[in-house]
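The values are calculated or read from the model by the stated rules, or taken from the named source; none is laboratory data. All figures in this text were calculated on a predicted structure; none of them were measured in a lab. Cβ placement follows ideal geometry from the backbone for every residue including glycine, while neighbour counts extend to all protein chains displayed.
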């Protein structure tokens, strides 16, 4: 089986983000990483490859030149092949991303299961894997916390409301949106890192991926940091007096009553 993992490069979760021009962030000195949910997707793909002799894992991503470092991380973890759809567009529409990924994957007539993180941690869109499945006309399961492949069928469990789980059976090919708890992602070994440096990355333009022009339906109008929350306030005194003071503060100062 030709297994694919669609990944996204995002700012490190510990990075301090500053707004640069009202619509983007200042990328200077930011450390970029593989989106954490994509790590679960990649790990599950590698586990599946180990179960099916002759299978291969290909990582695919879309973005500027810096995305190559995230792709190399995927290769270092154990993927054999890589595709980079190059674009300088800072905010591609999620449907455009899905279409480009889907068209590139369709160039492989034998593609099977496509793993993705359920969402990226930068925009939290939760959309791309669903759009990708729609574009390819194949089934999709989101928020997947358990995965099994047997006899050409995929059975997954996904988290739904109040901690309950839903079991879904899908035919192959399909898209699986991975979430935390599905597995424990492996660390790249030193040998894997060295090997990854030598693996060629297939480069495609948006035109190569079937996108003649960027027609973004969603446009970013403004980007800003939320205001800092004020410090909490402790009201001292006996409970009866403290409650009276709290009510007064809520009415006269906070004006929420």
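At a glance:
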| item | result |
| --- | --- |
| Any hit, the range 146-166, residues being within 23 Å of residue 108 (Cβ to Cβ) and either in contact with a helix residue (DSSP H, G or I) (Cβ under 7 Å, 6 or more places away or on another chain) or in contact (Cβ under 8 Å) with a residue 60 or more places away in the chain (or both) | yes |
| Search result, residues across the range 38-70 that are under 17 Å from residue 187 (Cβ atoms) and buried (at least 18 other Cβ atoms within 10 Å of the Cβ) | 38, 39, 40, 41, 42, 43, 44, 45, 46, 57, 59, 70 |
| Breaking point among (1) more than 19 Å from residue 109 (Cα to Cα); (2) surrounded by 14 or more Cβ atoms within 10 Å (Cβ to Cβ), for residue 190 | (2) |
| Test result for residue 200, under 20 Å from residue 4 (Cα atoms), in the same structural domain as residue 111 (by TED's automatic domain parsing) and either modelled with pLDDT under 85 or surrounded by fewer than 14 Cβ atoms within 10 Å (Cβ to Cβ) (or both) | yes |
| Identity of the residue in the range 15-35, assigned to a loop (DSSP other than H, G, I, E, B) and closer than 21 Å to residue 71 by Cβ, that ends up nearest to the chain's Cα centre (by Cα) | 35 |
| Residue tally, condition closer than 30 Å to residue 93 by Cβ and in contact with a helix residue (DSSP H, G or I) (Cβ under 7 Å, 6 or more places away or on another chain), over the range 220-238 | 0 |
| Condition check for residue 228: loosely packed, with under 10 Cβ neighbours inside 10 Å, in contact (Cβ under 8 Å) with a residue 60 or more places away in the chain, out of contact with any strand residue (DSSP E or B) (no Cβ under 8 Å at 6 or more places or on another chain) and in a loop (DSSP other than H, G, I, E, B) | no |
| Failed item in (1) at pLDDT below 95; (2) touching a strand residue (DSSP E or B) at 6+ places or on another chain (Cβ under 9 Å), with residue 42 passing the rest | (1) |
| Residues within the range 238-257 that are assigned to a loop (DSSP other than H, G, I, E, B) and modelled with pLDDT of 90 or more, tallied | 1 |
| Criterion: over 18 Å from the mean Cα position of the chain (by Cα), assigned by TED's automatic domain parsing to the domain that holds residue 169 and under 18 Å from residue 171 (Cα atoms) - qualifying residue of 103, 148, 81 | 148 |
